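The values are calculated or read from the model by the stated rules, or taken from the named source; none is laboratory data. No experiment lies behind these values; they were computed from the predicted model shown. Neighbour counts are summed over all protein chains in view; Cβ atoms, including those assigned to glycine, are modelled from backbone coordinates with ideal geometry. The protein model used for the area step is the full one, side chains on, heavy atoms only, and it has no ligands, DNA or RNA in it. Shrake-Rupley method; radii C 1.70, N 1.55, O 1.52, S 1.80 Å.
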Amino acid sequence: MLGRLARPLVQRCATSITRDAVAARHISTTMLPEDVELLRKMCWDFAENELKPIAGQIDKEHKYPLEQVHMMGELGLMGMVAPEELGGAGMSYLAYAVAMEEISRGCATAGVILSVNNSLYLGPLLANGNQEQLEKWVSPFLDGQHVGCFCLSEPGNGSDAGAASTTAKHTGDGHYELNGAKAWITNGYESEAAVVFATTDKSLKHKGISAFVVPKPHEGISLGKKEDKLGIKGSSTCVVNFDNCMIDEANLLGKAGDGFKIAMRTLDAGRIGVAGQALGIAQASLECAVAYSQQRKAFGKPISTMQTIQSKLADMECKIWGARLINWHAANLKDNGHPFSKEAAMAKLVASEAATYCAHQAIQVLGGMGYVSDMPAERHYRDARITEIYEGTSEIQRLVIAGNLLKEMVQ
Amino acid sequence: MSGLRVLVGCKRVIDYAVKIRVRPDGLGVVTDGVKHSMNPFDENAIEEAVRLKQKKVVKEIVVASCGPAQSQETIRTALAMGADRGIHVELPAGTEADLQPLAVAKIFAKLVEKEKPDMVILGKQAIDDDANQTTQLLAGMLDWPQGTMASVVDVGDGNVTITREIDGGLEDISVSLPAVVSADLRLNEPRYATLPNIMKAKKKKIAKMNPGDLGVDIAPRLKVLNVVDPPVREAGEKVPDVSTLMDKLKEKGHL
């Protein structure tokens, strides 16, 4: 175990062009608390040594990074938001946002696996679980050996989460019977538990939705084929079907009818994680563009000396730092117990658009080289795209932001 | 034998991957705003101490660093790797480049007097000055045996067997405790600090002091006259065969 977590000698001594050009990235330690800065350095090292070297391969092979997920578990990252009493690291959401960025900078697939487990699976359980549920469904899911998933979207509704048509019938003998299908489920194949949102009474619309924790595999659960996605290919995404799936009534999470509220609160926090992931992809794109532009010569000079290239790099840097600071602000608000929905939505919106912008421009800076898989720019481009869609589309984020803004500003 | 106390030294240096820039005044290198990290050989030193503690050979690891306020982060990293407590010998900001191995050895000699460790482990050299002197000077001051460039450290009953990496190959020596050891890169592979350990490190104590408190005069004995970039490497020349290569080497007076 020690060997696997040790930093490979060759990486410690290697001085590739990319490291040389960008290793001096400096974040003022006056902006981050000491423990978060320590965490950031550790995650950066881990991403450089363990994730960056395999990211291209797992993308090509659509391979779940099992070994790396186990390593992240051993480091305490897979359960970092859970409190120490349950076996987690008890870290702040600011620490989580920073970790998400550094991990995703190495590999966006590792990032999404990390964020789904922390925010979408552990999140609702930690906020609503009773003691028995915490011990059964949280503690074993903190060390990377078991991961969870989050089943809200359906083939018929994504943004319209309140229209959930998966049903949960309370049977007379202490069970709920689940019927329906959930779509776009990340970690669908590897997860051993799911937080599932189902309605007990469609006539109550969103107020009829309840949250449940469901073990996997389980009688009555079947998985659709793995989706063939544009990016984050190492993460499995699939439809999860429920056919007369019987679960113990003790698996009801929170109060009956609170499901929609639980889902929305969960997604609020999840947005900070996804913003972190988008920032990691954006940063990786920027670093790729900078390193290449220092080496590539045109008209006798490195292209980094040319105005049109510099203009792009400047815009990338501005968008990244703008998004990063909003994300840190949202995380700080949450950590201090303040409302943070608007800020989290802003962070996710701005960071995801920064990711797609930076990945797009990185390909442009690389020219033809940006279009081939020899360079990571094309993978960043494909990975970035989903961040504008999942955990609330950019359109929904704008509605959340405007809704909160109007409430604040209009008396 | 269970229950040795180890004093480990660590230094905050410019990160090994950073492109070094010479200062405009030619008297040093640019450090402002530049990424700093723990000296890589010091990571090996800390890692070895932590492994010895896990084997229950060592009972307490005290980590010490001489440097500006930011050296506290370096000490905190060592605590997150598993050291028990820290000592920060603080220097005024901007003076760290003037701290030379002789002064560091004197400081550590005073710390040894206070802490009474059974073993001192240092990194074999710092990657900024590449001096490789502190271990040897310290051993001399304490009149302790030394095991430098260690790639294997084996603690026995009252002694340590060390494999040293030297020009001729590997040399095994045995030294009696207390001793000073310096760690080489192949001694071990340093661990990542896990999150629980980062959280635990927050609560570990770091004692602060300055060289004056220890009665040490740290004024530099060597004066830097000039710092310049190494000459730009010129292109080589390709030759078609070995005999042409031999002619060229003779022509240039290399044979």
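Points worth noting:
- For peptides B:129-141, A:75-87, A:339-351, sequence by mean Cβ density within 10 Å, most packed first: A:339-351, A:75-87, B:129-141
- Accessible area per residue (1.4 Å probe, heavy atoms of protein chains only) ranks B:HIS36, A:HIS170 as A:HIS170, B:HIS36, with the largest value leading.
- Peptides A:237-248, A:37-48 ranked from most to least packed, by the mean per-residue count of other Cβ atoms within 10 Å: A:37-48, A:237-248.
- For B:6-19, mean number of other protein chain Cβ atoms within 10 Å: 3
- Among A:136-142, A:172-178, B:246-252, sorting by the average number of other beta carbon atoms lying within 10 angstrom of each residue, highest first, gives A:136-142, A:172-178, B:246-252.
- Each residue of the stretch B:236-253 was assigned a 3J(HN,Hα) from its phi angle through the Karplus expression (A = 6.51, B = -1.76, C = 1.60, θ = phi - 60°), giving x, 10, 8, 10, x, 7, 5, 5, 4, 4, 4, 4, 4, 4, 5, 3, 8, x Hz with x at Gly and Pro.
- Rg/Rh (Cα only; Kirkwood hydrodynamic radius) as it applies to the protein assembly as shown: 1.03
- The mean number of Cβ atoms from other chains found within 10 Å of a Cβ in peptide A:34-43 is 6, as a whole number.
- Helices in chain B, meaning DSSP H runs of at least 4 residues, each add -39500 (n - 2.57). Divided by all residues, the mean residue ellipticity at 222 nm is -8500 deg cm²/dmol.
- For the stretch A:296-411, convex hull of alpha carbons as volume per residue, Å³: 119 Å³
- With a cut-off of 14 Å between beta carbons, the residues surrounding A:ALA127 carry a summed charge of +2, where Lys and Arg count +1 and Asp and Glu -1.
- Note on B:186-192: average number of Cβ atoms from other chains within 10 Å of each residue's Cβ is 6.
- Backbone geometry of the stretch A:147-160 corresponds, through the Karplus equation with coefficients 6.51, -1.76 and 1.60 at θ = phi - 60°, to 3J(HN,Hα) couplings of 10, x, 9, 9, 10, 10, 5, 10, x, x, 7, x, 4, 8 Hz, x marking Gly and Pro.
- Note on exposure: B:TYR192, A:TYR371 ranked by accessible area (1.4 Å probe, complete protein assembly) read A:TYR371, B:TYR192, with the most exposed listed first.
- Heavy atoms of A:LYS225 accessible to a 1.4 Å probe, total area in Å² rounded to 10: 140 Å²
- Listed by chain and number, the lysines whose C-alpha is less than 20 Å from the C-alpha of A:LYS334, apart from same-chain residues fewer than 8 away, are A:LYS261, A:LYS342, A:LYS348, A:LYS407.
- Residues whose amide H lies under 5 Å from that of A:ALA183, counting only those 5 or more places away or on a different chain, are A:SER153, A:GLU154, A:VAL240; hydrogens are built 1.01 Å from N in the peptide plane.
- Cross-link partners for A:LYS207 among the aspartates and glutamates, with Cα-Cα distance under 14 Å and sequence neighbours closer than 8 places in the same chain left out: A:ASP160, A:ASP258.
- Sparsely packed chymotrypsin sites (Phe, Trp or Tyr not before Pro) within the stretch A:260-326, loop by DSSP, other Cβ within 10 Å at most 16: A:PHE299
- Cβ-placed point charges (K, R +1; D, E -1), dipole of the stretch A:245-342 about Cα centre in debye, nearest 20: 500 debye
- Global geometry of the stretch B:84-147, whether rounded, prolate or oblate, following the gyration tensor of its Cα atoms and the 1.5 cut on a/c: oblate
- Projecting the Cα atoms of A:TYR371, B:LEU99, B:SER176 onto the charge dipole of the protein assembly as shown (Cβ charges, centred on the Cα centre) puts A:TYR371 farthest toward the positive pole.
- Rounded to the nearest 20 debye, the dipole size of chain B about its Cα centre is 1060 debye, using +1 on the Cβ of Lys and Arg and -1 on the Cβ of Asp and Glu.
- FRET efficiency, 1/(1 + (r/R0)^6) with R0 60 Å, evaluated for A:GLN57 and A:ASP173 via beta carbons: 0.75
- Once C-alpha pairs closer than 8 Å and six or more residues apart are averaged by separation and normalised to the residue number of the stretch A:89-179, the relative contact order reads 15 percent.
- Cross-link reach is defined here as a Cα-Cα straight distance under 24 Å, omitting same-chain residues fewer than 8 places apart; for B:LYS205 the lysines meeting it are A:LYS41, B:LYS11, B:LYS53, B:LYS55, B:LYS56, B:LYS59, B:LYS106, B:LYS110, B:LYS114, B:LYS116.
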